[in-house]
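Peer 1: Below is the structure I would like to discuss, written out as structure tokens.
The values are calculated or read from the model by the stated rules, or taken from the named source; none is laboratory data. What you see is a predicted model; the values in this text were computed from it and never measured. Note that each Cβ is placed from the backbone with ideal geometry, even for glycine, and that neighbours are counted across all protein chains shown. The protein model used for the area step is the full one, side chains on, heavy atoms only, and it has no ligands, DNA or RNA in it. Shrake-Rupley method; radii C 1.70, N 1.55, O 1.52, S 1.80 Å.
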Amino acid sequence: MKNIPGVLAAVVVMLAGFWLADLIGQQILAAQGLTGSSPLSGVPVAIVLGLLLRNTLPLPASIHPGLKFATTTILRAGIVIVGIRLSVFDVVKLGIAGLPVVLAAIATGLIFVTWFNRKLGLPPRLGTLIAAGTSICGVTAIVSTAPAIEADEREVAYAVANVVAFGLFGMLVYPYLAHAVLGSSETIGLFLGTAVHDTSQVVGAALTYKQVYNDDIVLRVATVTKLTRNIFLAGVIPLLTWMHLKSQGAWGASGASGAWGARISSLVPGFVVGFLAMAIVRSLGDWTLTSNGAAFGVWSAAQWTSITKSLGDYWASQILLGTAMAAVGLNTNFAVFKGVGLKPFAVGMAGAIAVGAVGMTMAVIFGRFVHL
């Protein structure tokens, strides 16, 4: 019962955040003379709205237990269920030629961002979160990695602000840049799918290109490329966790804390196992659908698509993760940002430029071999 006030507060902020995101997203599209679904995710808007409320209104102490519950239990539940969005068959769709492009973009984000973050003397966990968001799938990667490396609300908020800011820039600018400097539709789709951060931003960029230049191939290639990037989250979370533990000296500790069982448990937390299990369920469902025309011999293609979209896109990405991120905002005081300044945004900008440059180069090299 003690968690109810805080959870309800986070839910209200989440709902308001998604409403505002839709409103702002429609204005962004209208400014470009476009129509369609909002390209702006409600999750970062919920965080910002929560931050503003936390730092402008005297919130009651009774909501704190519920906010803690939302940023731990509800967050982990959302991460587990979001795994249903990922299928290994997305990699098959992209083809062997597209994998080097995706892998190069991911490696660039992970290696360059963590290195540059260290050079600027920022907290390692902050660099890890920005690296995950820049290289994999934006906000989803950040909120999935945060509990594994025990990141605090300040680091999560900074990392989310980075990927939203520079991902939004890429969404608005890259479609026109790609049209001006790149050749084939496949090349442009690969570039948009690797250079723009968040899934909603990639779709927004690709939809912009489709509507402005009447090119559906770009939309299909960019979407599959982004889904392929998302799949690698399953492997990157344990990798980033291992890097974090190693940097803290925990991985090589002796005694009980250094036992292999404890090491594996730290490296692959329970919610990551659940995330992988849901991705396996999705892949098996897609496989049985392809092989005998019904997912697990029960659901038709339309029913299986409805189930996975409802669980992954609505319940996980919106309700659960949105509520958790609203709670992060409601639980974060602006005072915690003092002393850090704009350095994290320098890391995010440098990472966005590096990943974009590598994505464009690799797309030019391999784009002619990709066919959807």
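Peer 1: Within segment 74-99, track down each residue that is open to solvent by less than 10 Å² (accessible area, probe 1.4 Å), of a type in the set (G, A, S) and under 26 Å from G274 (Cα atoms).
Peer 2: G78, G83, S87
Peer 1: So K246 ticks every box in (1) at pLDDT 90 or above; (2) open to solvent by 10 Å² or more (accessible area, probe 1.4 Å); (3) not β-branched (V, I, T) but one. Which box is left unticked?
Peer 2: In the conditions (1) at pLDDT 90 or above; (2) open to solvent by 10 Å² or more (accessible area, probe 1.4 Å); (3) not β-branched (V, I, T), K246 misses (1) alone.
Peer 1: Considering only residues that are farther than 29 Å from M243 by Cα and under 17 Å from the mean Cα position of the chain (by Cα), look in segment 158-174 and name the one that is most open to solvent (accessible area, probe 1.4 Å). Outline the logic, then answer.
Peer 2: Quick first cut of segment 158-174, residues farther than 29 Å from M243 by Cα only: 169, 171-174.
Next cut, under 17 Å from the mean Cα position of the chain (by Cα) only: 169, 171.
Working: F169: 116, M171: 5 Å².
So the residue we want is F169.
Peer 1: So in segment 36-73, with the set limited to residues that are within 20 Å of the chain's Cα centre (by Cα) and of a type in the set (S, T, Y), which one is most open to solvent (accessible area, probe 1.4 Å)?
Peer 2: Only one residue fits best here, namely S37.
Peer 1: Sticking with this structure for a sec: I'd like to verify a number: residues in segment 175-218 that are within 20 Å of I365 (Cβ to Cβ), open to solvent by less than 30 Å² (accessible area, probe 1.4 Å) and in a helix (DSSP H, G or I), how many? Show your work before the answer.
Peer 2: We begin by selecting, within segment 175-218, every residue within 20 Å of I365 (Cβ to Cβ); these are 177-196, 217-218.
Okay, now just the ones that are also open to solvent by less than 30 Å² (accessible area, probe 1.4 Å), so 178, 182, 185, 187-196, 218.
Now narrow it down to the ones that are in a helix (DSSP H, G or I): 178, 185, 187-195, 218.
Here the count works out to 12.
Table: residues versus (1) among the aliphatic types (A, V, I, L, M); (2) under 18 Å from A326 (Cα atoms); (3) part of a helix (DSSP H, G or I).
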| residue | (1), (2), (3) |
| --- | --- |
| S38 | no, no, no |
| V48 | yes, yes, yes |
| N55 | no, yes, yes |
| L59 | yes, yes, no |
| H64 | no, yes, yes |
| K68 | no, yes, yes |
| T73 | no, yes, yes |
| V82 | yes, yes, yes |
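Peer 1: Would a scan of segment 20-35 turn up a residue that is loosely packed, with under 13 Cβ neighbours inside 10 Å and part of a loop (DSSP other than H, G, I, E, B)?
Peer 2: Yes, because at least one residue in segment 20-35 is loosely packed, with under 13 Cβ neighbours inside 10 Å and part of a loop (DSSP other than H, G, I, E, B).
Peer 1: Report yes if A141 is under 25 Å from M360 (Cβ atoms), open to solvent by 20 Å² or more (accessible area, probe 1.4 Å) and either modelled with pLDDT of 95 or more or in a helix (DSSP H, G or I) (or both), otherwise no. Full working, then the answer.
Peer 2: Numbers: under 25 Å from M360 (Cβ atoms): yes; open to solvent by 20 Å² or more (accessible area, probe 1.4 Å): no; either modelled with pLDDT of 95 or more or in a helix (DSSP H, G or I) (or both): yes.
In short, no.
Peer 1: With respect to the numbered conditions (1) surrounded by 20 or more Cβ atoms within 10 Å (Cβ to Cβ); (2) closer than 29 Å to V80 by Cβ, which one is the sole condition not fulfilled by V358?
Peer 2: Against the list (1) surrounded by 20 or more Cβ atoms within 10 Å (Cβ to Cβ); (2) closer than 29 Å to V80 by Cβ, V358 comes up short only on (2).
Peer 1: Among the residues of segment 303-346, write down those that are buried (at least 17 other Cβ atoms within 10 Å of the Cβ) and assigned to a loop (DSSP other than H, G, I, E, B).
Peer 2: Those that are buried (at least 17 other Cβ atoms within 10 Å of the Cβ) and assigned to a loop (DSSP other than H, G, I, E, B): N331, T332.
Peer 1: Now for a separate question. Could you check E155 against (1) buried (at least 24 other Cβ atoms within 10 Å of the Cβ); (2) out of contact with any Gly (no Cβ under 7 Å at 6 or more places or on another chain); (3) under 23 Å from I280 (Cα atoms); (4) modelled with pLDDT of 90 or more and say which number it fails?
Peer 2: (3)
Peer 1: Any idea which of I47, I96 is among the aliphatic types (A, V, I, L, M) and within 21 Å of V203 (Cβ to Cβ)? Reasoning before the result, please.
Peer 2: On the way: I96 fails: within 21 Å of V203 (Cβ to Cβ).
The match here is I47.
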